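Bear in mind that the values in this text are calculations on the coordinates, not laboratory data. Values in this document were obtained by computation on a predicted structure and should not be read as measured data. Glycine also receives a Cβ, built like all others from the backbone with ideal geometry; neighbour counts cover every protein chain displayed.
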Amino acid sequence: MIVKENKHLLHITTILCLIAIPSNSVHGCGWWGDGEVNRHNDHVLTDPDGQSIPQTLTYRTSKLPGKMGYGIAVPDPGQAIPYLQATGGRPLNRIAELKIFGFETVIDLGTPEKAARLHQLETEAVGMRYIHILVDGVVPSRDQVNDFTQHVINASKDMLLVYAPNSTLLGTMWAAYRINLGAPIEYALKQGATLGMGPDQEAILRSRIATE
């Protein structure tokens, strides 16, 4: 009887998770749900040279476990690093585990409102700040970039995680943000491209710069 009840509960939980996350989203429940990936987080990632922590910031080193999306750690407003540097190479899959490694704030880009409300509840439940910026597509507006910029500056004393469901949005927002801070344009665009920004998004940012 208990087994049947547990199976019924699991079935209900799965359905609720699928309802909460729209079908066009590229991440599953992951951090903000029952989890779809391995919970054995004592494993430390290593590269062929035996280095446990990736040093280069790219869309590959920003990919989160499973299909959870992409994320970068921001230890201070002028710097982004692979999130695995902040976790000692451990591919975490729960928000509570990020808290253990010093993350205090999460900026969630592009997640639909319904799912974002669930993300907010779970993030704040472990004492972390949750900031949601709803971006339609993969190119944030000027106002959204300004909003993101202010939030990053406000969190300058925290370890910040920037999350996006895809690398294109993450790279484009980061490039636009760095330009906002006054970084050399070519440097900012190159950094955005390494994180996943494409030529079309770069062209839009260049067009904006030309009209400012």
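Results, tabulated for the structure shown:
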| quantity | calculated |
| --- | --- |
| Residue, surrounded by the most Cβ atoms within 10 Å (Cβ to Cβ), within segment 82-109, restricted to residues that are touching a Gly at 6+ places or on another chain (Cβ under 8 Å) and part of a loop (DSSP other than H, G, I, E, B) | 93 |
| Members of segment 110-119 found to be without any contact (Cβ under 8 Å) to a residue 24 or more places away in the chain and either farther than 16 Å from residue 164 by Cβ or surrounded by fewer than 17 Cβ atoms within 10 Å (Cβ to Cβ) (or both), listed by number | 113, 117 |
| Selected residue [in contact (Cβ under 8 Å) with a residue 12 or more places away in the chain and surrounded by fewer than 17 Cβ atoms within 10 Å (Cβ to Cβ)] from 185, 179 | 185 |
| Residues located in segment 145-172, provided they are of a type outside the set (Asp, Glu) and free of Cβ contacts under 8 Å to residues at least 24 places away in the same chain | 150, 154, 157 |
| Some residue of segment 133-145 being part of a helix (DSSP H, G or I) and in contact with a strand residue (DSSP E or B) (Cβ under 9 Å, 6 or more places away or on another chain) | yes |
